[in-house]
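Taking it in order: structure first as structure tokens, then the write-up.
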Amino acid sequence: REDIKQKKREDIKQKKREGIKQKKREDNKQKRRHQTKEKRRHQTEEINRKRLSV
């Protein structure tokens, strides 16, 4: 009886841990996407600046 409760508790902990990992993964994906967007924006700004200076 105690073993079953213990196992359930362990399973819940495991699921929580996996959920946290999943969330971190998603957050990192978003960060990366945002960084690439920023880079692209900076590149276009640089190109426009050069185009205007000519």
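Suppose the filter is loosely packed, with under 10 Cβ neighbours inside 10 Å and not acidic (Asp, Glu); does Arg51 pass it?
Spelling it out, Arg51 is indeed loosely packed, with under 10 Cβ neighbours inside 10 Å and not acidic (Asp, Glu).
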Unique match (being assigned to a helix (DSSP H, G or I), within 16 Å of the chain's Cα centre (by Cα) and surrounded by 10 or more Cβ atoms within 10 Å (Cβ to Cβ)) among Gln14, Gln43, Gln6, Gln22
Gln22
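Each reported figure results from applying straightforward, stated rules to the coordinates on display, with no laboratory input. Just so we're clear, the structure is a prediction, and the values are computed from it rather than from any experiment. Ideal geometry is used to build each Cβ from the backbone, glycine not excepted, and the neighbour counts take in all protein chains shown.
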